[in-house]
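Visitor: First the structure, then my questions, so here it is.
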Amino acid sequence: MARQFSVRHQRGFTTIALICFFLLYLPIATLVVYAFNAGSTVGTWEGFSLRWFEAAWENTRIIDATLRSLTIAPIAALIATAAATMAALATTRTAPYPGLTFKYAFINQPLMVPEIVTAVALLVVFSQVKVWTGYSGLGYLIMAHAAFCIPFAYLPIRARLETMDLTLERAAADLYARPWRVFRRVTLPLMWPGILAGFMLAFVVSLDDVVITEFVKSAGQDTLPTYMLGQLRRAVTPEMNAISTVFLALSVAVVSLFFFLSRKKT
Amino acid sequence: MPSPAAAIDARGVSKVFRGDGSADLKALDDVSVTIRENEFFTLLGPSGCGKTTLLRLIAGFEFPTEGTIRLYDQDIALLPPYLRPVNTVFQSYALFPHMTVGQNIGFGLEMQDKPKREVAARVDEMLRLVRMEDLKDRLTSQISGGQQQRVALARALAPAPKVLLLDEPLSALDLKLRKEMQIELKRLQTETGITFVFVTHDQEEALTMSDRIAVMSKGRILQVGTPRDIYDHPEQRFVADFIGEANLMTGEIAATTADVAQVRLVSGAAISATLPAEARPTGKVTVMVRPEHAEIVASTASATLTGTLESTVYFGTDTHFNVRLADGTAFVVRRQNDRKEGRQLDPGTPVGVLLAERAAQVLRD
Ligand SMILES: Nc1ncnc2c1ncn2[C@@H]1O[C@H](COP(=O)(O)OP(=O)(O)OP(=O)(O)O)[C@@H](O)[C@H]1O
Ligand SMILES: [Mg+2]
């Protein structure tokens, strides 16, 4: 019997795969290792120590920035997920009509417009609004994050809805469920994994954002990534590595949490 | 006999699907039909004839373009599905994958805000009815196709609907399971006394299960009747052809009495044939004879029809004789087999075909 075609038996496959893995993970591994360096450079190993984690923990600006990131991300992700859920329902529960593709593009705008363009535009608009209203709190960052997170929340939710069988909702209506109860008891539970995935993506994308945040933030509104960016312009100590390591652990924790949540649901 | 109440009464129902750009599609064209209380009523017809559309109009998933649909004395044509005391068994079962078997069956009652204890009791009753007591707490993805079928039935029957709609519920099952479920369905219908409207394109299924059958074609109902009516007295060529096998011959009406006509065939032979209801055709007509209602003989002397035997095909239970009649038309005779030898007819020999009184049926044009 002929062996089935498998990309794994192609010449060079293993090599390319290994190179990719090294490029992806070797720098990260190095970064994590040097977070535990006793010395004050990120290039020479001088023994194991937790001093940079302690230093970071005592640095109030880092704690501030972290807390700010952890405030913005969940709120923005929540808003984005709610909007994306409604958008996904509206764009999948309908017969295709001319203009639907345009709507997809419209919703996914943040994926296509260069981020720097959006950032500059928001800077201009928000600086005007700040002058008019006198308000300069976190609201602007939250709104901006919510807006660019929508497509990240939208795509998994739509994907989930598209694979969902419409007859299930019809069956619920046939069994005396009014429209709201059909949604609560059938549609929502079935699209829940998609919503969780969408929320998680939006959360991580918000947590990670630099460009738009850098332009939109007012003075003293550094998030963790923009703080780190600012620090990198000065002397680089393993404190950066320590922060990055914690940040990495946080992201992995969030992703794993949602992964297990959504796996349990299906 | 007092005529039983009408469970469903559709009058002049049409359904047009607006085509995008191209022509509109008339899925149902002026359909009128009365479905009686407690009957097992089957919609039978080829793919695309509008069976599902009619069912969906009764369920409330679509609304008629024209016409009225009454459920007992209530006009339901424009009611949403959740206000109709009608339940559906879907072809794909459409069981809720995030609920257990028990929760699926209880869903309808729960949505009617029945007390929890009543729901629980009814769920157990339904599980017993479809013999699934052991699987109450399984997820629907953890049971077999046949079991899913039973759960779908139990779920639709649990709220005790006035009418149960079934859209080709057996088509996903293999032959053996299908035969079992046919018997099961019939039992459920008798035990619950609920009116069943059953859709199929399998004529044998329709004949064996139904109290009455409506034969559909191209958005119209051609004939409604008991399986015997439909099989023995098809009124139209399409019905005769679609259900069972039919020999068709042309002839001329010589004389008619109450419901029987004397027809002179092209070959010159005269036969008696039953007439379609309320029809008094004259002149040229088509008559139909079922292959098993004719008899083949070796002598042509006193035969009604004569011709040449072209071939014989052995089917185990019976044998088909393909005869070419004197005037050139093909005619099939079916004879039940026994274990006696002899009486062999050889292809190429002249044969005679005997028709019993009223073996033929005159078709409408
Ligand atoms: N929602 C719809 N939009 C447009 N056309 C439709 C729609 N539903 C059905 N039709 C058309 O109406 C006609 C009748 O369809 P229907 O589903 O009632 O047929 P059916 O008898 O159930 O066939 P089958 O045995 O294949 O299920 C078909 O030509 C079908 O293409
Ligand atoms: Mg159908």
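The values are calculated or read from the model by the stated rules, or taken from the named source; none is laboratory data. Computed from a predicted structure; not experimentally measured. Reconstructed Cβ throughout: ideal geometry from the backbone, glycine too, with neighbour counts over all protein chains shown. Each accessible area value is taken on the protein alone, full model and side chains, heavy atoms only, with ligands, DNA and RNA left out. Shrake-Rupley method; radii C 1.70, N 1.55, O 1.52, S 1.80 Å.
Visitor: When the residues of segment B:36-48 are narrowed to those that are within 14 Å of B:MET216 (Cβ to Cβ) and surrounded by fewer than 24 Cβ atoms within 10 Å (Cβ to Cβ), which ends up farthest from the other protein chains (Cβ to nearest Cβ)?
Guide: Within segment B:36-48, the subset within 14 Å of B:MET216 (Cβ to Cβ) is B:41-48.
Those left that are additionally surrounded by fewer than 24 Cβ atoms within 10 Å (Cβ to Cβ): B:41, B:46-48.
Working: B:PHE41: 19, B:PRO46: 23, B:SER47: 19, B:GLY48: 19 Å.
Among residues in segment B:36-48 that are within 14 Å of B:MET216 (Cβ to Cβ) and surrounded by fewer than 24 Cβ atoms within 10 Å (Cβ to Cβ), the one farthest from the other protein chains (Cβ to nearest Cβ) is B:PRO46.
Visitor: How many of the residues making up segment A:171-194 are open to solvent by 20 Å² or more (accessible area, probe 1.4 Å), more than 7 Å from every other protein chain (Cβ to nearest Cβ) and not charged (D, E, K, R)?
Guide: So the count comes out to 5.
Conditions tested, residue by residue: (1) of a type in the set (Gly, Ala, Ser); (2) away from chain B (no Cβ under 14 Å); (3) within 30 Å of B:ALA152 (Cα to Cα).
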{"site": "A:PRO114", "(1), (2), (3)": "no, yes, no"}
{"site": "A:THR118", "(1), (2), (3)": "no, yes, no"}
{"site": "A:GLY137", "(1), (2), (3)": "yes, yes, no"}
{"site": "A:PHE152", "(1), (2), (3)": "no, yes, no"}
{"site": "A:GLU169", "(1), (2), (3)": "no, no, yes"}
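Visitor: Quickly run through segment B:54-71 and pick out the residues that are open to solvent by 10 Å² or more (accessible area, probe 1.4 Å) and away from chain A (no Cβ under 14 Å).
Guide: Within segment B:54-71, B:PRO64, B:THR65, B:GLU66, B:GLY67, B:THR68, B:ARG70 meet the criteria.
Visitor: Moving to a separate point now. For residues in segment B:144-184 being away from chain A (no Cβ under 14 Å) and of a type in the set (A, V, I, L, M), which is nearest to ligand 2 (Cβ to nearest atom)?
Guide: So the residue we want is B:LEU170.
Visitor: Could you check segment B:72-89 and list, in sequence order, the residues that are within 14 Å of chain A (Cβ to nearest Cβ) and either over 22 Å from B:GLY219 (Cβ atoms) or open to solvent by less than 10 Å² (accessible area, probe 1.4 Å) (or both)?
Guide: Scanning segment B:72-89 gives B:ILE76, B:LEU79, B:PRO80, B:PRO81, B:TYR82, B:LEU83, B:ARG84, B:PRO85, B:VAL86, B:ASN87, B:VAL89.
Visitor: Another question, then. Residue by residue through segment B:152-194, note down the ones that are closer than 25 Å to B:PRO234 by Cβ and among the hydroxyl-bearing types (Ser, Thr, Tyr).
Guide: Listed by number, the list holds a single entry, B:SER171.
Visitor: Scan segment B:257-276 and give yes if some residue there is at positive phi and either crowded, with 19+ Cβ neighbours inside 10 Å or part of a helix (DSSP H, G or I) (or both), otherwise no.
Guide: No: segment B:257-276 contains no residue that is at positive phi and either crowded, with 19+ Cβ neighbours inside 10 Å or part of a helix (DSSP H, G or I) (or both).
Visitor: Look through segment B:17-35, keep the residues that are within 14 Å of another protein chain (Cβ to nearest Cβ) and of a type in the set (D, E, K, R), and return whichever of them is nearest to ligand 2 (Cβ to nearest atom).
Guide: For segment B:17-35, the residue satisfying everything is B:ARG18.
Visitor: If you go through segment B:90-120, how many residues are within 9 Å of chain A (Cβ to nearest Cβ) and either open to solvent by less than 10 Å² (accessible area, probe 1.4 Å) or assigned to a helix (DSSP H, G or I) (or both)?
Guide: Total satisfying the criteria: 8.
Visitor: Just to be sure, is B:ALA214 modelled with pLDDT under 90 and either in a strand (DSSP E or B) or outside the structural domain of B:ALA356 (by TED's automatic domain parsing) (or both)?
Guide: On the way: modelled with pLDDT under 90: no; either in a strand (DSSP E or B) or outside the structural domain of B:ALA356 (by TED's automatic domain parsing) (or both): yes.
It is false that B:ALA214 is modelled with pLDDT under 90 and either in a strand (DSSP E or B) or outside the structural domain of B:ALA356 (by TED's automatic domain parsing) (or both).
Visitor: While we're on this one: Which residue, of B:THR208, B:THR282, B:THR250, is β-branched (Val, Ile, Thr), touching a helix residue (DSSP H, G or I) at 6+ places or on another chain (Cβ under 7 Å) and either in contact (Cβ under 8 Å) with a residue 12 or more places away in the chain or not assigned by TED's automatic domain parsing to the domain that holds B:ILE183 (or both)?
Guide: Just one listed residue meets the conditions, B:THR208.
Visitor: Going through A:VAL211, A:VAL216 one at a time, which residue ends up being open to solvent by 20 Å² or more (accessible area, probe 1.4 Å) and more than 13 Å from chain B (Cβ to nearest Cβ)?
Guide: None of the others qualify; the one that does is A:VAL211.
Visitor: Across segment A:231-266, which residue is nearest to A:PHE53 (Cα to Cα) among those that are open to solvent by 90 Å² or more (accessible area, probe 1.4 Å) and touching a Phe, Trp or Tyr at 6+ places or on another chain (Cβ under 9 Å)? Outline the logic, then answer.
Guide: At the first step, the residues of segment A:231-266 found to be open to solvent by 90 Å² or more (accessible area, probe 1.4 Å) are A:232-234, A:257, A:259-260, A:263-266.
Within this subset, residues satisfying the condition of being touching a Phe, Trp or Tyr at 6+ places or on another chain (Cβ under 9 Å) are A:265-266.
Working: A:LYS265: 37, A:THR266: 39 Å.
Once the filter is applied, the top-ranked residue is A:LYS265.
Visitor: Failed condition for A:GLY198, given (1) within 21 Å of A:MET164 (Cβ to Cβ); (2) open to solvent by 30 Å² or more (accessible area, probe 1.4 Å); (3) at pLDDT 90 or above; (4) more than 14 Å from chain B (Cβ to nearest Cβ), with all others met?
Guide: (2)
Visitor: Still on this structure, please answer the following. Residue pairs, Cβ under 8 Å, 6 or more apart or interchain, first in segment B:50-70 and closer than 15 Å to A:ALA171 by Cβ and without any contact (Cβ under 8 Å) to a residue 60 or more places away in the chain, second away from ligand 2 (no atom under 13 Å from the Cβ) and part of a loop (DSSP other than H, G, I, E, B). List them.
Guide: B:GLY60/B:ILE76; B:GLY60/B:LEU79; B:GLY60/B:PRO80; B:GLY60/B:ARG84
Visitor: Yes or no: segment A:43-62 includes at least one residue that is surrounded by fewer than 17 Cβ atoms within 10 Å (Cβ to Cβ), on the phi < 0 side of the Ramachandran plot and within 19 Å of the chain's Cα centre (by Cα).
Guide: Checking segment A:43-62: not a single residue is surrounded by fewer than 17 Cβ atoms within 10 Å (Cβ to Cβ), on the phi < 0 side of the Ramachandran plot and within 19 Å of the chain's Cα centre (by Cα).
Visitor: I'm told B:GLU235 meets every condition in (1) at pLDDT 85 or above; (2) in contact with a strand residue (DSSP E or B) (Cβ under 8 Å, 6 or more places away or on another chain); (3) surrounded by 15 or more Cβ atoms within 10 Å (Cβ to Cβ); (4) closer than 23 Å to B:ASN322 by Cα except one. Can you identify the failing condition by its number?
Guide: (4)
Visitor: Does segment B:288-298 contain any residue that is open to solvent by 10 Å² or more (accessible area, probe 1.4 Å), of a type in the set (Lys, Arg) and at pLDDT 90 or above?
Guide: no
Visitor: Say we look at segment B:132-174 and pick out the residues that are within 30 Å of B:TYR72 (Cβ to Cβ) and without any contact (Cβ under 8 Å) to a residue 40 or more places away in the chain; which of these is most open to solvent (accessible area, probe 1.4 Å)?
Guide: Here the answer is B:ALA160.
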